[in-house]
Structure formats: structure tokens, C-alpha cells
Amino acid sequence: MTEAMFCGVGNIRALLLGDRPRHFSCSYGIVGAGFKNLIVETMPFAPGDLLILASDGIMEQFMAPAPRPDQPWSASGLADAILAEWGIATDDAAVLVCQALPR
């Protein structure tokens, strides 16, 4: 099985959607200005799972909205939905969505 590894510093969020939603941890600090106590987390990343990375322009507790039963999310559609629902109007924001594909 493939695995996703994450080591976050500062205001980045990572959410893995698979058999259940799982948030990765992030260490305090600023890349280029200092940080300590980095944590590398590894989680299973099975075909069909989605990994979502979001910047601090997205509310910290964000969750992925449920897809419609007749239409699964595309990566761009899910990113747009997260930006629309969880984006902070006074901040810039970025969302990256990737899906594990079968080998």
C-alpha cells in the first residue's frame, strides 16, 4: 500500500480523506525563520483516497464537503468548494487536492 508522509511547518493544513477523515499535525514555526520539534507523520494512502493541503487563508477546522451521490468530486471542484465554504475573505488562500491512483 502507498503511504502519504507529511511534515508541516507554520500555517498549513493537511487532511487525508480515505476510510475516514484524518488530519495531519503541523509544527509551530516559519520556514526560513526557525522552527523546532518537527513531526513527520505517515498514513496509508490507498487508491481513491484524497489528500488536501490548504494554506492559512482557509479556516483551520475545514472539512471537505460531501459529494453529491451521483457525481464524485473532481480535484478542481473540491478545491473550489473548500475555498468557497472555508476561505477567509481578508486573506489569500491556496488549496491543493490530489488523489491516489491505482498502480
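The values are calculated or read from the model by the stated rules, or taken from the named source; none is laboratory data. This is a predicted model, so every value here is computed, not measured. Cβ coordinates were reconstructed from backbone atoms using ideal geometry, including for glycine residues, and neighbour counts include every protein chain displayed.
May I ask you to list the residues in region 15-58 that are among the small types (G, A, S) and under 23 Å from R103 (Cβ atoms)?
Hits for region 15-58 are G18, A46, G48.
Going by the conditions given, is F45 in contact with a helix residue (DSSP H, G or I) (Cβ under 6 Å, 6 or more places away or on another chain) and at pLDDT 85 or above? Considered against the rule, which asks whether it is in contact with a helix residue (DSSP H, G or I) (Cβ under 6 Å, 6 or more places away or on another chain) and at pLDDT 85 or above, F45 comes out as no. Per the listing G18, G10, the residue uniquely at positive phi, in contact (Cβ under 8 Å) with a residue 12 or more places away in the chain and surrounded by 12 or more Cβ atoms within 10 Å (Cβ to Cβ) is G10. One residue stands out in region 1-31 among those that are β-branched (V, I, T) and assigned to a strand (DSSP E or B): the one that is modelled with the lowest pLDDT, namely I30. Taking first residues from region 23-46 that are within 11 Å of G10 (Cα to Cα) and partners that are surrounded by 10 or more Cβ atoms within 10 Å (Cβ to Cβ) and of a type in the set (D, E, K, R), the Cβ contacts under 8 Å between residues at least 6 apart in sequence or on separate chains come to S25/E41; C26/R13.
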